[in-house]
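First comes the structure, then the notes that go with it.
Throughout, read-outs are computed from the coordinates displayed, never taken from laboratory work. For clarity, every value in this text was computed on a predicted model and none was experimentally measured. Glycine gets a Cβ as well: all are built from the backbone with ideal geometry, and neighbour counts include every protein chain shown.
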Amino acid sequence: MGFAAASAALGAVRVRFAPSPTGFLHLGGLRTALYNYIFARKHKGCFILRLEDTDQSRVVPGAAEGIEDMLEWAGIPPDESPRQGGPAGPYQQSQRLSLYREAIELLLEKGAAYRCFCTPQRLELLKKEALRNRQTPRYDNRCRHLSSQQVAEKMSQGVDHTVRFRLKENAEPFCDLIYGWSRHEVASVEGDPVILKSDGFPTYHLANVVDDHRMHISHVLRGTEWLTSTSKHLLLYRAFGWDPPHFGHLPLLLNKDGSKLSKRQGDIFVEGFAQDGCLPEALLDLITNCGSGFAENRMGRKLQDLVKEFDMGRIERHSALLDLEKLTEFNRIHLSQRIGDETLRPQLVAELQAAVEEAYGHQLVDRGVLEKPYVEQVLLLRRGHVSGLKDLVSPKYAFLWIRPSVSHEELQTISVEAEKIGMLVLRLLERPVATLTTEELSKDLRQLPEQIRGTPYSSVMKLLRLALSGQQEGPAVAEMMVSLGRREACARIQRALCR
Ligand code: GLU
């Protein structure tokens with residue numbers, strides 16, 4: 001059995017994400033791709049990436065690769081795509097032109113389409129006239145009425161032409177998986193649309209329908225901006241005599257305040273988030289949290305949870321509001337989950353090692369800080385406190401990798417007993433215990449003020465934190481000591497306090 005017969009016989013779920021490669025993948029696109037991916041996984045189906053690049057003037061070099069890269073980065077790689085290949089390829093519309101030409105011939109033969117010889121000047125004039133009369137511009141369908149003789153004549157003269165689809169009245173209603181029953185009487189509001197441009201490229205509507213049919217797409221899940229085009233697409237299916245797929249239109253993704261997600265600010269491109277060290281699972285969690293399709297909204301869901309919990313019936317019709325300010329918190333939660341996962345932790349260790357090398361390489365006195373046990377301990381101790389690995393190489397955490405410079409005068413202003421405190425802490429650290437634990441150390445540190453009259457606990461901590469890290473703020477002193485290890489902690493205390 002061939003591929004076509006096999007997928008039809010099995011009633012296989014096949015969905016597609018069909019962006020135009022006109023720029024970077026943005027969050028709205030990622031969300032559409034994600035819902036398609038989830039739906040495919042839920043129904044043991046196939047997720048396809050198809051690039052709709054028929055408007056060659058808008059194609060941006062490298063954008064196609066970028067989109068597929070980002071789907072892979074996000075952990076939702078397509079099963080069939082330009083890169084992966086597959087039985088229904090090619091997956092780039094610019095490589096499928098012969099299929100569209102074949103389809104056009106079919107429509108012309110059936111009389112469902114016709115050649116239009118109107119010049120761009122005439123069309124422009126029509127538009128201007130409509131605007132002057134405060135009407136929506138639409139083609140007046142003039143070439144519908146050309147006789148076959150007139151057409152043949154123009155063809156023999158080699159006159160430039162397009163092909164238009166003859167819109168039929170009485171578009172049938174259809175039941176959208178999300179919006180319910182819908183119908184758009186396209187013929188009464190639009191002129192016959194161009195389906196083949198004079199440059200030989202099809203327009204979106206034709207190529208989209210031909211490909212969804214030929215790629216055996218079972219469900220079209222796309223942005224709600226296409227809802228009103230669906231009646232037109234259904235008329236095309238009817239003209240071809242093909243069964244249409246099911247349609248589901250996803251509500252828009254908007255900013256928290258309900259405004260359009262801005263592409264101009266450059267802060268909604270997936271590439272930017274990836275470069276910033278955002279975890280893909282945090283981004284997926286964020287963009288599904290504000291939207292619908294799940295019984296509850298909760299943080300910390302991973303892709304497999306999203307697949308398990310997704311329920312198409314729960315997608316609501318109102319727009320999803322995205323609160324990007326919460327991304328840090330989503331990252332914190334997911335980073336903590338990754339650190340806690342022994343299978344994922346080694347990768348984090350390697351990434352942090354590379355980040356430390358990059359940030360402090362030339363300043364590292366003790367290259368032991370790059371060793372796996374040390375780096376892993378840093379991750380485990382700071383788990384839940386940081387939202388990205390890059391936090392751990394920021395100035396706040398520089399003390400973990402390089403020795404701080406500490407001003408002696410500053411220490412003296414905190415307590416005149418600085419030296420005594422130093423001695424006591426050294427004694428504490430040098431006790432013969434097998435391993436230092438944060439709990440034990442904090443308990444011991446708490447008792448220090450009893451031995452030094454006049455310096456309150458908070459000042460003791462301030463002093464020690466400064467001696468260990470050169471910083472006024474940071475992790476608890478006991479944690480710093482455990483992190484640095486007994487030897488290094490002692491060396492720093494000695495150097496700063498015991499002169
Ligand atoms: N190329 C269209 C887009 O950008 C695809 C729409 C559809 O999924 O049918 O968004």
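A viscosity of 0.692 mPa s and a temperature of 37 °C, combined with the Kirkwood radius over C-alpha pairs in the Stokes-Einstein formula, give region 227-345 a diffusion coefficient of 197 µm²/s. Within the chain, which cysteines find no other Cys whose Cβ is under 4.7 angstrom from their own? By the Cβ distance rule, which asks for a partner under 4.7 Å, the isolated cysteines are 46, 118, 175, 278, 290, 490, 498.
Measuring r between the beta carbons of residue 451 and residue 364 and using R0 = 35 Å, the FRET efficiency lands at 0.45.
Close amide H partners of residue 247, meaning residues 5 or more places away or on another chain with modelled amide H under 5 Å apart, are 177, 220. Placing dummy labels 7 Å off each Cα toward the beta-carbon, the span from residue 472 to residue 329 is 2.7 nm.
Applying a threshold of 31 Å to the alpha-carbon distances of 390/462; 168/260; 232/326; 128/256; 168/308; 256/372 flags 168/260; 232/326; 128/256; 168/308; 256/372 as lying beyond it. First obtain the Kirkwood hydrodynamic radius of the chain from its Cα pairs, then insert it into the Stokes-Einstein equation at 25 °C and 0.890 mPa s, and state the resulting D in µm² per second as a whole number. It comes out at roughly 89 µm²/s. With the simple model of a label 7 Å out from the Cα in the direction of the Cβ, residue 343 to residue 427 spans 5.1 nm.
Extension gain, residue 276 to residue 157, is 37.0 nm, computed as 0.36 nm per intervening residue step minus the present C-alpha separation. With a Förster radius of 30 Å applied to the beta-carbon distance between residue 259 and residue 57, the computed FRET efficiency rounds to 0.55.
Residues within the reach of a label modelled at residue 354 (point 7 angstrom out along Cα to beta-carbon, backbone nitrogen below 18 Å), restricted to region 380-401, are 388-394.
Expressed as a whole percent, the proportion of Cα-Cα pairs in region 110-178 lying more than 17 Å apart is 57%. Please find the FRET efficiency linking residue 110 to residue 307, where r is the Cβ-Cβ separation and R0 is fixed at 30 Å, and quote it to the nearest 0.05. Working from the Cβ atoms, E equals 0.10.
Between residue 149 and residue 189, the simple label model (points 7 Å from Cα in the Cβ direction) yields a spacing of 4.0 nm.
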